[in-house]
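Enquirer: Below: one structure in structure tokens.
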Amino acid sequence: MRIGGPAGVTEGNVAVRLRRIASVLAVAIFALSGVIGAATASGSSPERDLTVMSFNIHHGAGVDGRLDLRRIADVVKTARVDVLALQEVDRHWSERSEFVDQAAWLADALDMHAVYGANLDRDPVEAGQPRRQYGTAILSAVPILDSENISLPKYEGHEQRGLLRARIVVRGTVAQIYNTHLQHNDAAERLEQAQAIKQLIAERDEPAILLGDLNALPDAPEIRTLLEGLVDTWEAGGSGEGWTYPSQAPDRRIDYILTSADIGTRSATVVTSDGSDHLPVRAEVLLPGAGGGQRS
């Protein structure tokens with residue numbers, strides 16, 4: 001398993017050393033990429049292809065009720081994904097997922113870097129065991145330079161939601177990857193969460209990709225809010241309805257990949273899977289070349 005950034009998913013002294021080594025290598029790669037980018041002609045260098053996927057994995061439980069992370073990994077491998085945003089990810093959470101660190105397991109199976117955002121954080125069942133966490137994860141085939149998980153607006157009695165951010169570099173172009181899972185049963189709360197996400201993304205000037213289970217239909221106010229600054233890859237490159245839920249007989253689109261306007265879309269597809277109650281959505285996008293990696 002590769003480790004990426006300060007929110008890496010393993011524990012212990014060995015993992016700490018690996019994180020330090022990975023961080024040093026990531027910074028070195030980033031610096032070298034900048035040198036290469038600066039050495040190109042005055043215009044931008046060619047665009048960078050990137051394949052991304054958003055997948056609510058329902059803590060690894062498929063439509064048959066069986067816990068099977070291998071099914072999730074197989075879907076991702078077949079889709080040949082560079083960046084993966086996962087929602088409903090358990091980390092030592094409970095018996096339902098056998099107390100497995102699911103982000104670490106999938107990162108190891110896919111040979112990807114990983115960062116985790118714990119939106120729920122509970123004491124362990126037994127003293128001395130890892131904390132029980134539930135949230136989102138970003139996995140990346142390229143190094144993750146830094147990351148953070150930011151709490152979103154929350155109404156009393158509702159589950160805490162977050163925006164997980166990871167910064168990556170793809171052949172000299174820096175991009176911000178965002179992953180979120182919005183409130184499922186309160187449109188007003190979702191709208192406040194969307195407004196907060198819009199502001200957080202606007203604060204950074206690198207190309208941005210927002211992936212997630214937004215729990216809202218395309219014409220909802222919360223989606224329209226996000227589209228004031230972002231582009232829907234399905235509208236740009238998809239075909240058909242793009243329905244992702246429920247996976248056995250989908251009748252609505254609530255899982256999205258949105259990008260900043262400086263990122264192009266080659267294609268957007270819904271991927272068939274029985275590994276979760278959601279279907280994953282995949283997009284092939286084009287990052288601007290080095291020298292063109294900032295939004296105007």
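Enquirer: Mind counting the residues in the range 251-271 that are within 18 Å of Asn179 (Cβ to Cβ), assigned to a loop (DSSP other than H, G, I, E, B) and of a type in the set (D, E, K, R)?
Expert: Counting residues in the range 251-271 that are within 18 Å of Asn179 (Cβ to Cβ), assigned to a loop (DSSP other than H, G, I, E, B) and of a type in the set (D, E, K, R) gives 1.
Enquirer: Would you point out the residue of the range 271-296, among those that are at pLDDT 95 or above and surrounded by fewer than 22 Cβ atoms within 10 Å (Cβ to Cβ), that is farthest from Ala202 (Cα to Cα)?
Expert: Of everything passing the filter in the range 271-296, Asp274 is farthest from Ala202 (Cα to Cα).
Enquirer: Just to be sure I understand, how many residues within the range 51-67 are open to solvent by less than 30 Å² (accessible area, probe 1.4 Å) and on the phi < 0 side of the Ramachandran plot?
Expert: Matching residues across the range 51-67 total 9.
Enquirer: Looking at the structure I just gave you, is Tyr155 closer than 21 Å to Thr180 by Cβ, surrounded by fewer than 17 Cβ atoms within 10 Å (Cβ to Cβ) and touching a helix residue (DSSP H, G or I) at 6+ places or on another chain (Cβ under 6 Å)?
Expert: It is true that Tyr155 is closer than 21 Å to Thr180 by Cβ, surrounded by fewer than 17 Cβ atoms within 10 Å (Cβ to Cβ) and touching a helix residue (DSSP H, G or I) at 6+ places or on another chain (Cβ under 6 Å).
Enquirer: Related question: Between residues in the range 258-282 that are in contact (Cβ under 8 Å) with a residue 24 or more places away in the chain and residues that are among the basic types (Lys, Arg), which pairs lie under 6 Å by C-beta distance while being six or more apart or on different chains?
Expert: Ser260/Arg295; Asp262/Arg295; Thr269/Arg282; Val271/Arg282; Gly275/Arg71
Enquirer: Now a separate question. Just to check your reading of the model, which residue among Gln248, Gln176, Gln193 is outside any strand (DSSP E or B), polar (S, T, N, Q) and under 18 Å from the mean Cα position of the chain (by Cα)?
Expert: Selected residue: Gln193, the only one of Gln248, Gln176, Gln193 that is outside any strand (DSSP E or B), polar (S, T, N, Q) and under 18 Å from the mean Cα position of the chain (by Cα).
Enquirer: Restrict the check to the range 56-67 and report whether at least one residue is without any contact (Cβ under 8 Å) to a residue 24 or more places away in the chain, outside any strand (DSSP E or B) and closer than 19 Å to Gln133 by Cα. Quick ask: steps written out before the conclusion?
Expert: Of all residues in the range 56-67, those without any contact (Cβ under 8 Å) to a residue 24 or more places away in the chain come to 65-66.
Checking which are outside any strand (DSSP E or B) leaves us with 65-66.
Add one more test, that the residue is closer than 19 Å to Gln133 by Cα, and what stays is none.
No, because not a single residue in the range 56-67 is without any contact (Cβ under 8 Å) to a residue 24 or more places away in the chain, outside any strand (DSSP E or B) and closer than 19 Å to Gln133 by Cα.
Enquirer: Tell me which of these Asn185 doesn't satisfy, since it passes every other one: (1) farther than 22 Å from Gln133 by Cα; (2) open to solvent by 10 Å² or more (accessible area, probe 1.4 Å); (3) out of contact with any His (no Cβ under 7 Å at 6 or more places or on another chain); (4) of a type outside the set (Lys, Arg).
Expert: (1)
Enquirer: Can I ask one more? Being under 19 Å from Val281 (Cα atoms) and open to solvent by 10 Å² or more (accessible area, probe 1.4 Å) is the filter here; which residues of the range 173-182 pass it? First the steps, then the outcome.
Expert: First, pick out the residues of the range 173-182 that are under 19 Å from Val281 (Cα atoms): 176-182.
The answer is His181, and nothing else.
Enquirer: Limited to the range 84-112, what total is found for residues that are at positive phi and not in a loop (DSSP other than H, G, I, E, B)?
Expert: The number of residues fulfilling the criteria is 1.
Enquirer: Out of all the residues in the range 244-261, which are crowded, with 17+ Cβ neighbours inside 10 Å and out of contact with any Ser or Thr (no Cβ under 8 Å at 6 or more places or on another chain)?
Expert: The answer is Thr244, Tyr245, Ser260.
Enquirer: Just a yes or no: is a residue in the range 5-25 modelled with pLDDT of 55 or more, crowded, with 20+ Cβ neighbours inside 10 Å and under 15 Å from the mean Cα position of the chain (by Cα)?
Expert: No.
Enquirer: Here's a follow-up. From Val169, Val115, Val81, Val76, which residue is assigned to a loop (DSSP other than H, G, I, E, B), crowded, with 22+ Cβ neighbours inside 10 Å and not charged (D, E, K, R)?
Expert: Unique residue meeting the criteria: Val81.
Enquirer: I'd like to know if the range 186-200 contains one or more residues that are within 20 Å of Ala283 (Cα to Cα) and at pLDDT 95 or above.
Expert: No: zero hits.
The values are calculated or read from the model by the stated rules, or taken from the named source; none is laboratory data. Everything numeric in this text was worked out from a predicted model, so none of it was measured. Cβ atoms come from the backbone with ideal geometry, glycine included; neighbour counts cover every protein chain shown. The area values use the complete protein model at the heavy-atom level, side chains included, leaving out ligands, DNA and RNA. Shrake-Rupley method; radii C 1.70, N 1.55, O 1.52, S 1.80 Å.
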